[in-house]
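Input: a single structure, listed below in structure tokens.
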Amino acid sequence: MATREELAVIKAARAGESRAQLALGRRYLNGGSGLPRSKGTAFYWLRRAAQQGVDDAWMIIGRNITYEQVKDLSSPQEAAVWYEKAFEAGVPQAGLIFARLVLEHTDQFDSNAHARAIAALSLLASRDDHQAQWLLAQQMQRHGQPVVPGAASSAVEERLMQEAARAGIEQAQYALLDKAWQQGEGEAFARGARPLVQRLTERNSAAVGQLEKESDATGLVQLSPEEATLLLRYGQWQARAPQPDLQELMRLFELAAVAGENEARLELGLLCAKIDRQGQRVFMEQGLANFKKALHWLVLAGEGGSAPAWHALARIYSRSIYSQRNLQVAQQYLEKAAEAGLTEAQAELAHIFWRNRRDDPMHDVKALYWWQQAAARGDAESAEALLPFQAQEDAQDWAVQARAQLSERLRNSNPFLSARIELAAIFGLTKPEALLIDIKQADYGHCLVVDICAHHARSKRRLIAVQSEAQRTAINRVSRLFGDVDCGFSGPEGNYRQRQYRLRTAFPEAA
């Protein structure tokens, strides 16, 4: 309970007296004498005193209110002024908070404030403030700007990051390890990661114990995304060894997987199934595969966006090594992998549809689509498979001659025939194909299905791939023309004999 003296201070502070506000802020900062300790309430009264120009107020704020506290209690622009003043008055930690307020809210400050924040960090970094060194290195990573005149930006950034990492700044340590991994420096990564990995596994020892008992450890795992990624990469590095420790790999991948690292779910699923990403068997001498556990983690990885996980599931269900072999389920997973953009799965699915094209009239259309997708991603075999389906423009002399004779008068008097001639010239259609094709039924987006067997017995069904924007534009234009028109023999074009007569009459040379 507040004393009579404190009640008087509270009353004066509420009335707007700046010195009373400063005194009340101090009392809430330290607590005692009937008032609770509350940095939030302390900041409220110190802020009001600072707004009235009391110097001691922003000095106390600079010394005692951390960045994590002030960012929720005040606007960055208002607080930055007080922390900058406190820094200039000799409070080092205030300079760090001032820099963070500016650099993490750049849209609210001008270039002059940004320059002052960088200058504050540079000064603190030169005094071996390791947190400032790390923040300065981060800024250089984002903007690529040197802070030491005449020095290479990358060299300065590397030195600052290394000094911060050696001082125990974990964010800097993780940044250095990430850089080593991205640059392919595996040995350097492993050396730096080993103590951190050991620390993480010790911190999560209870979760490790639960996992070894095949129990759910979701609530026990305490890992940030960066920590989970570290465990994943360290496990991937360990897996490259000639004789890796399977139990250690399982522990690393499972901790990261439970923490939500999707690639770790994939690695764990593959490890449980004892296959690699190419589908080859691995670790066969170290016990049997656990397909139940493998399927669980691979499904989670696939749902998280991993195309290789769907592909691995397709392989498991398609092979006799799995007791519940199911080719239908295998193809469903293969389609998921192809839809997720995995080139290998796209090419494989195309071959399956093409091999079974007689089972369904749409299988060859699907095969062509997946070959196109795989070829667009650089698969040479798929590009070669597409060659027989390429449109042979100007391959039909009659169509070339007829298109050359097209005039505005002919286009107006014979719009449907003119459109068919254009299609024939662009896609290399024969006369019967050009006169009988129903463009609305033939267009599948990625290809034309030319099938006039019902009206022309000597013809064969064939597919023509749509390869260019010009071809697509031509098809769209013709489709709009025939949009509400019956393309059959009961439509305005008449039967096949009438169409032939119209071609001979309008284009005698081509006919």
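Working from label points 7 Å from Cα in the Cα-to-Cβ sense, the Val400 to Ala8 distance is 10.9 nm. Among Tyr174, Tyr369, Tyr501, the order of accessible area from largest down is Tyr501, Tyr369, Tyr174, computed with a 1.4 Å probe on protein heavy atoms. His130 exposes around 70 Å² of accessible area when a 1.4 Å probe is run over every protein chain in place.
The modelled label-to-label distance between Ser320 and Gln392, using points 7 Å beyond Cα along the C-beta direction, is 4.4 nm. Between helix 153-166 and the chain there is an angle of about 60 degrees, using the helix long axis and the longest principal axis of the Cα atoms.
Length available on full extension from Ser468 to Ser490: 0.36 nm per residue minus the Cα-Cα distance, which gives 4.6 nm. For the pair His363 and Leu481, label points projected 7 Å from Cα toward Cβ lie 3.6 nm apart.
Compared with the dominant principal axis of the Cα atoms in the chain, helix 496-506 is inclined by about 90°.
Charge tally for Trp134 (other residues, Cβ to Cβ under 10 Å; Lys, Arg +1; Asp, Glu -1): -3. Under the criterion of Cα pairs below 8 Å and six or more residues apart, the relative contact order for segment 445-511 equals 17 percent.
Residues in segment 69-84 carry Karplus couplings, in order, of 7, 6, 5, 9, 10, 8, 6, x, 5, 5, 5, 4, 4, 5, 5, 5 Hz; the curve used is 6.51 cos²θ - 1.76 cosθ + 1.60 with θ = phi - 60°, and Gly or Pro positions show x. Annotation: Trp181 carries an accessible surface of approximately 50 Å², with a 1.4 Å probe and no ligand, DNA or RNA atoms counted. Place a label point 7 angstrom from the Cα of Asp56 along the Cα-to-Cβ direction, then list the residues of segment 69-91 whose backbone nitrogen is under 18 Å away. Under 18 Å, as judged by backbone N against the label point of Asp56, lie 86, 89-91 of segment 69-91. Mean projection of the Cα convex hull over all viewing directions, computed for the chain: 40.2 nm².
Residue separation of Gln108 and Ser205 scaled by 0.36 nm, minus their Cα-Cα distance, works out to 30.5 nm of gained length.
Counting only protein heavy atoms and using a 1.4 Å probe, the accessible area of Leu481 comes to about 70 Å². Cα axis of helix 327-339 to longest principal axis of the chain: angle in degrees, 0 to 90, nearest 10? Between helix and principal axis, roughly 70 degrees.
Computed on the chain, with alpha-carbon pairs under 8 angstrom and 6+ residues apart, the relative contact order is 5 percent.
The values are calculated or read from the model by the stated rules, or taken from the named source; none is laboratory data. Every value quoted in this text rests on a predicted model; they were computed, and no experiment measured them. Quick reminder, even Gly has a Cβ in these numbers, built from the backbone with ideal geometry, and neighbours come from all protein chains shown. Areas reflect the complete protein model, heavy atoms only, side chains present, ligands, DNA and RNA absent. Shrake-Rupley method; radii C 1.70, N 1.55, O 1.52, S 1.80 Å.
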